[in-house]
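Peer 1: Can you keep this structure in mind? I'll have questions shortly.
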Amino acid sequence: MTPLLTVEGLRLGCGGRDFCRDLAWSIRPGERWAILGPNGAGKSTLLHALAGLRGPDGGEIRLAGQPLARLSRRAVAREIGILFQQIDYTLPATVLATVLGGRYPHRAFWSQESGEDLDLARRALRLTGLEGLEERPVATLSGGERRRMEAATLLVQDPRVLLLDEPTNHLDLNHQIALLELFTERVRVTAGAMVLVTHDIHMAARYCDRFLLVHGNGRCDQGGREAMLTPERLSRLLDHPMRMVNADGERFWLPA
Amino acid sequence: MARLPFLLFGSVVVFVAGLSFGGVGGGVAGIWDWLVGNGDPLFGRVVLELRLPRVAGAMAVGGLLALSGVLMQVLMRNPLADPYVLGLSGGAACGAILALASGASGVWVDGGAWFGALVSMLVVLGLAGGPTGWEGGSRLLLTGVVVASGWGAGVSFLLYLLPDERLRGALFWLMGDLGRGGDATLLVGILIVLLAVTWPVGRALNLLATGVERAASLGVAVGPLKLLLYLVASLAAASAVAAVGSIGFVGLVTPHLLRLAGCVDHRCLLPASVLLGGMLLTLADLLARTLIAPQQMPAGVLTALIGAPLFVWLLRRSGR
């Protein structure tokens, strides 16, 4: 199967330090990736580069064979969507209007939202449990509600590649599960892909089948669950001894 | 969008009021008499030749300032941004006083002000890292503040050097005076063109207001859009400042009043700001003409007198 996103010879760095060097990576339809690594290892930077929001320092990222840098923002936004770690709302807006923003890449820039767009937005708000908050100012939402509003925007945007930067931050457990179920369902239906940046190994193991370990010194390892989520690899990645526990056929990773 | 008809109606009312009242009496009845053809011909000439250009000019300048304010606030993602914090008016003042100092008058002073405002824009733009390199609003805002204080020093220096007989004209310029006129037709034309350019990108403005990266991830070509906004905002502010001098707070307060009233979508906010800005400035000018008649005070003094406490109130309100 041809990959959705192809990364070739990628070098990304910041402040004289390379997060990754000569990274080759393919994200294929149906794959659910987790990016694991310590703070400041460049996980978010990598995600921004995949979304085309940041140019690579070397190498190339291609979307369905086309270099990302040569595509229009609108064309990229129809295929790739990103859930940011944090968004500051300094100017007022309502929840419904904010979520409707997700339809922007699907309509000519001067046109108005259609009834169909409105239906999509209301449906996304229902799916994320924000029904009834349509006309609320964003500033009055709690951290978790804002997070779910961003998730609703991403659902409305409906890209094939979902880039999620710590999507479960600020969320209580039932909403964490609900949100990731929602996203994995989208991946299945659209034959898309998901890239999840997280510090929660169990969440990654539960919802992802491919893993990219970013060490922050230029080294990146990738592979399946068996190969990547070993105590040895995780201990080295997180710079703390880790052990793996088997209980009732499930695996748990605990700091030793 | 539902508020636009009200604002349109309000603008017409304010427009008629602006034509009706002033040093020569008449009122609305006088306007009516004149319109049906049995009024005082002198009053008719006052309305047509003195008040109409002035009121139309005030409407256009208020609209330009408010439009510029909305765009700057989105551009910098800072609700406190307005045309004056970027040093545009300082540049305009320097240009105008330089022109006055060299003995120029009339259209050359306006031209000097316009040129000064644009130079100021280019300086701020260049120092803040060019159209693609703006990290966030704060760098741009800080650069604007620094450049503005530089222009302030320049203005003081020029005033100090200016011979006494020209000092009075320069001071009046600085205070902002709608009596100076400017070409009302030209101002209205500029306003319509600039509004027509920005209204279609209202949806992109909504996204940009939630952050550069979020807007880019949802398909907005952020670099070109920011450049467009900066150019339109600068042209609007430069034209307003060149025509009537420094008129503070209209650009800052107008978008806020509308946002507080629930008008947050930029497809509504842009035209609504233009209408409300025009109304506010026309009202301020009307008061400035009539409060201490037959004396007239500069409208800029009045907008600052009303605007400063209003702004403090808004600030305290938003802090809660």
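The values are calculated or read from the model by the stated rules, or taken from the named source; none is laboratory data. Here the structure is a predicted model, which is why all the values come from computation and not from measurement. For neighbour counting, all protein chains shown are included, and Cβ atoms are generated from backbone atoms with ideal geometry for every residue, glycine included. Protein only, heavy atoms only, side chains kept; ligands, DNA and RNA dropped before computing areas. Shrake-Rupley method; radii C 1.70, N 1.55, O 1.52, S 1.80 Å.
Peer 1: Apply the a/c threshold of 1.5 to the C-alpha gyration tensor of the stretch B:253-320 and tell me whether it is rounded, prolate or oblate.
Peer 2: oblate
Peer 1: Determine the per residue accessible area of chain B with all protein chains present and a 1.4 angstrom probe, expressed in square angstrom.
Peer 2: 42 Å²
Peer 1: Right, something else. Just the number, please: buried accessible area between A and B, total of both chains, 1.4 angstrom probe, nearest 100 square angstrom.
Peer 2: Buried surface at the A/B interface: approximately 2200 Å².
Peer 1: Leaving ligands, DNA and RNA out of it, report the carbon-plus-sulfur percent of the accessible area of chain A at a 1.4 Å probe.
Peer 2: C and S fraction of accessible area: 48 percent.
Peer 1: Using Cα pairs closer than 8 Å and at least 6 residues apart in sequence, work out the relative contact order for chain B, in percent.
Peer 2: The normalised contact order for chain B reaches 30 percent.
Peer 1: Rounded to the nearest 0.05, what FRET efficiency do A:D200 and B:L127 have when you use their Cβ-Cβ distance and R0 = 41 Å?
Peer 2: 0.40
Peer 1: Roughly how large, in nm² to one decimal, is the mean projection of the convex hull of the alpha-carbon atoms in the stretch B:81-246?
Peer 2: 9.6 nm²
Peer 1: How many partner chain Cβ atoms sit within 10 Å of a residue's Cβ in peptide A:79-91, on average, as a whole number?
Peer 2: Mean shielding by partner chains, rounded to a whole number: 4.
Peer 1: Here's a follow-up. Between B:D40 and A:D221, what is the label-point separation in nm under the 7 Å Cα-to-beta-carbon projection?
Peer 2: About 9.5 nm, to one decimal.
Peer 1: Quick one: how many Å² of B:V197 are accessible to a 1.4 Å probe, rounded to 10?
Peer 2: Answer for B:V197: close to 60 Å² accessible.
Peer 1: May I pose another question? What does the helix-only formula give at 222 nm for the protein assembly as shown: each DSSP H stretch with n ≥ 4 adding -39500 (n - 2.57), the total divided by the residues, and the result rounded to the nearest 500 deg cm²/dmol?
Peer 2: So the helix-based figure for the protein assembly as shown works out to -18000 deg cm²/dmol.
Peer 1: Taking a temperature of 37 °C and a viscosity of 0.692 mPa s, what whole-number D in µm²/s does Stokes-Einstein yield for chain B with Rh from Kirkwood over alpha carbon pairs?
Peer 2: Diffusion coefficient, whole number: 164 µm²/s.
Peer 1: Taking every DSSP beta bridge that has both residues in the stretch A:122-256, what percent is antiparallel when rounded to the nearest 5?
Peer 2: Close to 65 percent.
Peer 1: How many Cβ atoms of partner chains, on average, are near each residue of B:160-171 if near means within 10 Å of its Cβ?
Peer 2: 0
Peer 1: Related question: What accessible surface, in Å², does a 1.4 Å probe find on B:I190, ignoring ligands, DNA and RNA and rounding to the nearest 10?
Peer 2: Its accessible surface works out to 50 Å², give or take rounding.
Peer 1: Enumerate the residues in the stretch B:97-128 having an amide nitrogen under 18 Å from the point lying 7 Å beyond the Cα of B:V197 toward its Cβ.
Peer 2: Within reach of a label on B:V197: B:114-126.
Peer 1: How high is the FRET efficiency from B:M297 to B:V145, r the C-beta distance, R0 25 Å, rounded to 0.05?
Peer 2: 0.30
Peer 1: Using a 1.4 angstrom probe on the protein heavy atoms only, line up B:F249, A:F211 by accessible area, largest first.
Peer 2: From most accessible down to least: B:F249, A:F211.
Peer 1: What's log10 of I(q)/I(0) for the protein assembly as shown at q = 0.07, 0.11 Å⁻¹, Debye sum over Cα points only, no solvent?
Peer 2: -0.52, -1.00
Peer 1: If you place +1 on the Cβ of every Lys and Arg and -1 on the Cβ of every Asp and Glu, how big does the dipole about the Cα centre of chain A come out, in debye to the nearest 20?
Peer 2: Magnitude of the dipole: close to 520 debye.
Peer 1: Moving to a separate point now. Mind jotting down the distance between the C-alpha centroids of the stretch B:37-80 and the stretch B:98-131, whole Å?
Peer 2: About 22 Å separates the Cα centre of the stretch B:98-131 from the one of the stretch B:37-80.
Peer 1: Using the charge dipole of the stretch B:253-320 (Lys, Arg: +1 at Cβ; Asp, Glu: -1 at Cβ; taken about the Cα centre), state which of B:G278, B:L310, B:T290 has its Cα farthest towards the positive end.
Peer 2: It is B:L310.
Peer 1: Follow-up question, since we're still on this one. Where does helix B:184-198 land angle-wise versus the long Cα axis of chain B, in degrees 0 to 90, nearest 10?
Peer 2: Approximately 30 degrees, to the nearest ten.
Peer 1: For helix A:173-190, report the angle its Cα long axis makes with the longest principal axis of the Cα atoms of chain A; keep it between 0 and 90° and round to the nearest 10°.
Peer 2: 80 degrees
Peer 1: Now a separate question. Note down, for chain A, the three equivalent ellipsoid semi-axes (square root of 5 times each alpha carbon gyration tensor eigenvalue), biggest first, whole angstrom.
Peer 2: Values for chain A, descending: 31, 23, 17 Å.
Peer 1: Rounded to the nearest 10 Å², what accessible area does B:W34 have for a 1.4 Å probe in the complete protein model?
Peer 2: About 70 Å², rounded to the nearest 10.
Peer 1: Just the Cα atoms of the stretch B:15-55: what Rg and Dmax do they give in Å?
Peer 2: That works out to 8.8, 24 Å for Rg and Dmax.
Peer 1: Relative to the first principal axis of the alpha-carbon coordinates of chain B, what is the inclination of helix B:266-290, with its axis defined by its Cα atoms, in degrees from 0 to 90 and to the nearest 10?
Peer 2: Taking Cα atoms only, the helix is inclined about 40 degrees.
Peer 1: Could you order peptides A:124-133, B:81-90 by the average number of other Cβ atoms within 10 Å of their residues, highest first?
Peer 2: My ranking of the peptides, most packed first, is B:81-90, A:124-133.
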